Amino acid sequence: MPRKSSSAIKRDNEVIEGPVKVIHTYLSDDELEHFKQLLLKRREEVLRDLEILKSSLSEESVEDSINSNYSMHMADHGTETMDREQRFMFIARDEKYLGYIDQALERIRNKTYGVCAKSGKPIPKKRLEAVPHTSVRIEFKENKKKG
């Protein structure tokens with residue numbers, strides 16, 4: 001029977017490979033502050049977008065109740081339904097993105113930001129600038145898409 005490496009974690013009869021030790025960031029306090037501000041700006045934009053999407057849904061429901069006495073062509077009803085479903089999808093996407101941003105802000109507070117959650121290696125600053133909420137190096141993101 002093969003020996004498990006010291007970096008393997010066993011949970012529910014499943015072995016999960018990965019770094020056991022939490023590695024602190026390689027970024028300076030100034031760099032962490034830069035990424036924090038970048039994330040806070042994106043968070044504010046997402047919250048604003050969410051507010052617009054949610055208010056458009058509530059305005060639409062008010063209009064629907066006002067116009068409920070009038071008949072509507074089936075094609076118009078289908079288009080309206082599709083638009084509403086699309087807004088719900090955008091809301092779900094933005095809420096998920098907001099969660100990623102909050103997790104990245106937590107990693108900044110914990111001083112683990114910029115360290116790959118899969119390998120424990122530093123995430124290049126260029127990647128962090130492009131995708132500041134990321135928790136993995138690009139090779140792990142690419143593997144996720146292929147699998």
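The values are calculated or read from the model by the stated rules, or taken from the named source; none is laboratory data. Keep in mind that what you see is a predicted model, and the values were worked out from it rather than measured. Here Cβ is always computed from backbone atoms with ideal geometry, including for glycine, and neighbour counts include all displayed protein chains.
Only one of H34, H24 is out of contact with any helix residue (DSSP H, G or I) (no Cβ under 7 Å at 6 or more places or on another chain) and at pLDDT 95 or above; which? Give the steps one after another, and end with the answer.
Values: H24 fails: at pLDDT 95 or above.
Step by step, each of H34, H24 is checked, and only H34 is out of contact with any helix residue (DSSP H, G or I) (no Cβ under 7 Å at 6 or more places or on another chain) and at pLDDT 95 or above.
Just to be sure before I move on: is R87 surrounded by fewer than 17 Cβ atoms within 10 Å (Cβ to Cβ) and modelled with pLDDT of 95 or more in the structure I sent? Spell out how you get there, then give the answer.
Numbers: surrounded by fewer than 17 Cβ atoms within 10 Å (Cβ to Cβ): yes; modelled with pLDDT of 95 or more: no.
For R87, the condition - surrounded by fewer than 17 Cβ atoms within 10 Å (Cβ to Cβ) and modelled with pLDDT of 95 or more - is not met.
Could you count how many residues in the range 87-106 are touching a Ser or Thr at 6+ places or on another chain (Cβ under 8 Å) and in contact (Cβ under 8 Å) with a residue 60 or more places away in the chain?
Summing the residues that are touching a Ser or Thr at 6+ places or on another chain (Cβ under 8 Å) and in contact (Cβ under 8 Å) with a residue 60 or more places away in the chain in the range 87-106 gives 1.
Test E60 against the stated conditions and say whether it is modelled with pLDDT under 95 and surrounded by 13 or more Cβ atoms within 10 Å (Cβ to Cβ).
Working: modelled with pLDDT under 95: yes; surrounded by 13 or more Cβ atoms within 10 Å (Cβ to Cβ): yes.
Yes: the conditions hold for E60.
Across the range 111-140, which residue is farthest from L39 (Cα to Cα) among those that are in contact (Cβ under 8 Å) with a residue 40 or more places away in the chain and polar (S, T, N, Q)?
Checked the range 111-140; the qualifying residue farthest from L39 (Cα to Cα) is S119.
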